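Data block below; observations after.
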Amino acid sequence: MPAVFIQGVLLMGSLIIAIGAQNAFVLKQGLLKQYVFTVAAICLLCDVVLATLGVFGMGSVMMRSPVAVKALAIGGALFLLWYGWNALRRALRPVGFVLAAADQPAPSRRRVIAQTLAVTLLNPHVYIDIVVIVGGIGATLNTAHKTAFLAGGLLTSAVWFFSLAYGTRILLPLFRRPLTWRILDGLIVVVMWAIAASLLNFARGG
């Protein structure tokens, strides 16, 4: 049982601890100190729902439906292209973005919740990674081992998202400079468009 728990920890960690649309959004909300707990909690809740569905059945179903996976890839690529384009616009005008973040009222909680759900659920990697990969592996285990495997994965998810959301505050002095925001958004552009390109290549069967 402990071995299965550790397997869940390591697998989930290898999938979510990487720069991506969701992590970049969590990082930015942490830096801006806007609804930090809400954002981290929603990301964790999405992982709880998707990983549970995957481990207890949906993962193996999706693995047998290449059409559905390709559709997710194409839709997600379009979303990531749009997300990267917005980051590029911010990178080209970092001063305006920093001033807006510092001087303007924070967005409503409802808007931040909608943004968090969009950046999480419109990204096909969350389904490919959490539902298909984690779920596909978990689906091969017996019921007791599934529970331990799932618990290990979700523990990693909780530790990661809350550490990322609250740990970024030590970087605040660095992010008071417009150049730092320009670099961060530039990296987001590269990562988002690289992922989009890989998804489109996958959808073409490359």
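Coordinate-derived values only; no laboratory data. Since the model is a prediction, treat every value here as computed from it, not as a measurement. Glycine also receives a Cβ, built like all others from the backbone with ideal geometry; neighbour counts cover every protein chain displayed.
Peptides 42-49, 141-148 ranked from most to least packed by the mean count of surrounding Cβ atoms within 10 Å: 42-49, 141-148. When each of the peptides 120-130, 82-92 is scored by how many other beta carbons lie within 10 Å of its residues on average, the order from highest to lowest is 120-130, 82-92. Here the Karplus relation 6.51 cos²θ - 1.76 cosθ + 1.60, evaluated at θ = phi - 60°, turns the backbone of the range 179-196 into coupling constants of 4, 5, 5, 4, 5, 4, 5, x, 5, 4, 4, 4, 5, 4, 6, 5, 5, 4 Hz, with x for every Gly and Pro.
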